[in-house]
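Written below as structure tokens is the structure these notes are about.
The values are calculated or read from the model by the stated rules, or taken from the named source; none is laboratory data. Quick caveat, the model's predicted, so the values are computed rather than measured. Backbone-built Cβ (ideal geometry, glycine too); neighbour counts: all protein chains shown.
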Amino acid sequence: MSETQETLLKSLQTFQSTQLVKDKYENILEHLDSGIILFDRDGMLTFVNVQMAKLLEIPRVALIGCTLTEILRHPQLSRLNKRKLLRIYRETIFHKKRHHEFCDDRGNHWLLTLTYGDQMNGDFLLSAKDVSDYKQIEETAYQNDKLAMLGKISASIAHEIRNPLTAIRGFIQLLRPHLLHMGKDEYARIILMEIDRANDIISEFLNSSKPSAPQMSVINVSSLLKEVVLLSESEALMNGCQITLQDREAPLYISVDSKQIKQVILNIIKNAMDAIEDLGHNHAGMIHIHVEQVSTNVEIHICDNGKGMDHDILARLFDPFFTTKKTGTGLGLSVSYRIIKNHGGFIYVNSDLGEGTHFKITLPHIK
Ligand SMILES: Nc1ncnc2c1ncn2[C@@H]1O[C@H](COP(=O)(O)OP(=O)(O)O)[C@@H](O)[C@H]1O
Ligand SMILES: [Mg+2]
């Protein structure tokens, strides 16, 4: 073999092995769970992986060679994705931010990372990762922290208010004979009644913000729901709304503190009635409740056709003191969330503005 041939063969071998390495890395990039897109120094798209093409809902071949402007004008790009891309452009590329987190119209959280500069030889790499699951874990931890703190604060406030109330109550009782003598027993009666009312409010608040350890018993979920529906039916009818409970032949058992679970269902029904009431009396309100067994869980579904919620409300729904009502406490759902978590279950919510809301409570099924 001549020297030239040998050199040629060597270059061919080097080329082949470089190609192999390139193919290998491209293969890895293509199948990453993050979406990846690479633009060269002229702003032309040179690489896009499977995941990113899926996110954009455009075939990869149709993307290669396009500039960002051309992608934005692409006939196959949906309006939703166009809005998303424009937003990404404005919030990251335009401001040259390296990391950015955003929530899309479907409520999914994305982490975007932008890599450029010397080490990229003028190329521009954008990666997008769906971090909804991490976000959910983070929020749950945050939520639990806040609830624990709320429990502590409210317990100490309640205690501080109760002590002076007890003293006032005692002294009024001591003064009562004198007031009676002056013909003012009515004052004493009102003062005592009002002190008792204040005490009741404190107890209620204490109960709701710091649910005690559950007193478990095994019960049939349908009988519990029947009782709750019975309790709320008259109020519902007054608000022009109908509650229906789907019958189930076979009983489903759960091990719960029935008082606490009743409180949760009542909270959700009460909210549903409020959401229906806000649509005015001409609206035929419907609250539908049904139970299902899904693998090892019992699922309680509560659907209403009330005013529904937007993303902002949904994101803060379980926050203590979050309310959109003039006389709301914003405690109902934060407490419900905690009760269900204490029972080893979870609450899921789905809602469409103007359409209605669907709450799903899961609890472990007892065979
Ligand atoms: N079924 C529902 N439909 C519409 N909005 C709801 C529904 N349930 C809860 N919400 C919203 O969630 C907020 C918090 O509810 P909650 O914790 O029970 O507190 P409150 O009822 O005192 O406002 C409500 O103010 C309301 O905006
Ligand atoms: Mg409420």
Limited to the range 325-349, what total is found for residues that are more than 13 Å from Val264 (Cβ to Cβ) and within 10 Å of ligand 2 (Cβ to nearest atom)? 4
Hey, Gly35 of a type outside the set (A, V, I, L, M, F, W, C) and closer than 19 Å to Leu111 by Cα or not: yes
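Which residues, taken from the range 253-283, are out of contact with any strand residue (DSSP E or B) (no Cβ under 9 Å at 6 or more places or on another chain) and either within 11 Å of ligand 2 (Cβ to nearest atom) or assigned to a helix (DSSP H, G or I) (or both)?
Residues satisfying the conditions are Lys259, Gln260, Lys262, Gln263, Leu266, Asn267, Lys270, Asp274.
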Glu26 - would you say it is at pLDDT below 85 and touching a helix residue (DSSP H, G or I) at 6+ places or on another chain (Cβ under 6 Å)? no
Name the one entry in Leu279, Leu266, Leu317 that is surrounded by 15 or more Cβ atoms within 10 Å (Cβ to Cβ) and within 24 Å of Asn108 (Cα to Cα). Leu317
Between Ser154, Ser132, which is touching a His at 6+ places or on another chain (Cβ under 6 Å) and under 30 Å from Pro320 (Cβ atoms)? Ser132
Given the conditions (1) in a loop (DSSP other than H, G, I, E, B); (2) within 14 Å of the chain's Cα centre (by Cα), every one holds for Gly306 apart from (2)
Could you tell me whether Gly107 is outside any strand (DSSP E or B), modelled with pLDDT under 85 and under 27 Å from Ile28 (Cα atoms)? no
Of the residues Leu45, Leu77, only one is among the hydrophobic types (A, V, I, L, M, F, W, C) and closer than 22 Å to Lys24 by Cα; which? Leu45
Residue match in the range 334-344 (condition: at pLDDT 95 or above, in the same structural domain as Ile287 (by TED's automatic domain parsing) and either of a type in the set (A, V, I, L, M) or within 10 Å of ligand 1 (Cβ to nearest atom) (or both)): no
Here are some conditions: (1) under 30 Å from the mean Cα position of the chain (by Cα); (2) part of a helix (DSSP H, G or I); (3) among the hydrophobic types (A, V, I, L, M, F, W, C). Phe15 meets all but one. Which one does it not meet? (1)
